[in-house]
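So the structure is just underneath, and the comments pick up after that.
The values are calculated or read from the model by the stated rules, or taken from the named source; none is laboratory data. Computed from a prediction, not measured in an experiment: that's the story for all the values here. Cβ placement follows ideal geometry from the backbone for every residue including glycine, while neighbour counts extend to all protein chains displayed. Accessible surface is based on the protein model in full, side chains and every heavy atom, while ligands, DNA and RNA are left aside. Shrake-Rupley method; radii C 1.70, N 1.55, O 1.52, S 1.80 Å.
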Amino acid sequence: MRFHHLALFLHLTGVAIWVGGMVFIRVCLVSPALTVAQWAEALEYFFPLSWISIALTVITGGFMLIAVGYAHAPPGWIIMAVLGSVMIAVFASVWLGPWAALRAALAKDGLAQAQAREAMRRINKRLDIVLVFAVMTSVVATLGLAL
Ligand code: HEM
């Protein structure tokens, strides 16, 4: 087994956990019976896991790219790195923006329900954007190699 194989395994594990978690939030965690506070509690567990997965994805992806060298890397790899960076930037904006706003609203002990709902709506909207980029990144990373 070459180092590249191990890095690729860890890279795809990171992608699966991060992207899979976002799909779970957007497709499964949508019951109207869930309160905003319950929904936020699930995300409280998701964020640390996703940051670890993102670090794993970036470090292993970076290693594979540097090992081959930018000049020799297929264009699909470079585009993957660019699109992956956009995904991370939008995801970070969720964490710094509406996620921080949601936690602040919930800390007001039910007094800021409207703000909490608005923050939840904004989080969902931005996660959808990250997921659209995730599909594009995966297409480039796989089908793009055939070009
Ligand atoms: C953010 C920085 C990223 C870098 C630097 C990077 C770099 C790389 C590299 C060098 C490979 C090895 C390709 C090969 O062996 O053929 C790879 C594989 C792969 N990456 Fe990324 N990647 C990044 C992010 C992502 C993201 C966010 C996704 C998905 C949403 C993704 C999906 C994939 C997939 C599916 C493969 C397997 C492709 C294959 O082996 O044919 N990558 N990545």
Directionally averaged projected area (convex hull, Cα atoms, the stretch 52-122), nm²: 5.6
Within the accessible area of the chain (1.4 Å probe), percent carbon and sulfur: 74
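So if we plug the beta-carbon distance of GLN38 and VAL132 into 1/(1 + (r/R0)^6) with R0 = 25 Å, what FRET efficiency do we get, rounded to 0.05?
0.40
Counting other C-beta atoms within 10 Å, and keeping those with at most 11, which DSSP coil chymotrypsin sites (Phe, Trp or Tyr not before Pro) do you find in the stretch 16-94? Walk me through the intermediate numbers first.
Numbers: sites: TRP18, PHE24, TRP39, TYR45, PHE46, TRP51, PHE63, TYR70, TRP77, PHE91; in loops: TYR70.
Those that pass, being in a loop and sparsely packed, are TYR70.
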Using alpha-carbon coordinates, inclination of helix 36-68 to the longest axis of the chain, degrees: 10
Note, ³J(HN,Hα) from phi for the stretch 130-142, Karplus 6.51, -1.76, 1.60, rounded to Hz, x at Gly and Pro: 4, 5, 4, 5, 5, 5, 4, 5, 5, 5, 4, 5, 10
Extent along principal axes [Cα atoms of the chain; Å; largest to smallest]: 57, 27, 24
Cα-centred dipole magnitude for the chain, charges only on beta-carbon of K, R (+1) and D, E (-1), debye, nearest 20: 160
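If you put +1 on each Lys and Arg Cβ and -1 on each Asp and Glu Cβ, how big is the dipole of the stretch 80-147 around its Cα centre, in Debye rounded to 20? List each step's numbers first, then the result.
Working: 7 positive and 3 negative charges, 38 e Å.
In total the dipole reaches around 180 debye.
Provide LEU127, LEU29 ordered by accessible surface of protein heavy atoms (probe 1.4 Å), highest first. Before the final figure, lay out the partial values.
Values: LEU127 5, LEU29 30 Å².
The ranking, largest first, comes out as LEU29, LEU127.
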Dipole of the stretch 3-146, positive end: most advanced residue of GLN115, GLY61, LEU10 [Cβ charges, Cα centre]: GLN115
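At 1.4 Å probe radius, can you tell me the per residue accessible area of the stretch 3-146 in Å²? Each step should come with its number before you reach the end.
Numbers: 8100 Å² over 144 residues.
Ligands and nucleic acids excluded, the result is 56 Å² per residue.
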Extension gain (nm, one decimal) between PHE9 and CYS28, 0.36 nm per residue minus Cα-Cα: 4.2 nm
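Which value at 222 nm does the chain reach when only helices count, each DSSP H run of 4 or more adding -39,500 (n - 2.57), with the total divided by all residues and rounded to the nearest 500 deg cm²/dmol?
That calculation yields -27500 deg cm²/dmol at 222 nm.
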Distance between modelled label sites at TRP51 and ARG121, nm, 7 Å Cα→Cβ extension: 2.9
ALA73 long-range amide H proximity, modeled H, under 5 Å: none
Accessible area, probe 1.4 Å, largest first, for residues THR137, THR13, THR35: THR35, THR13, THR137
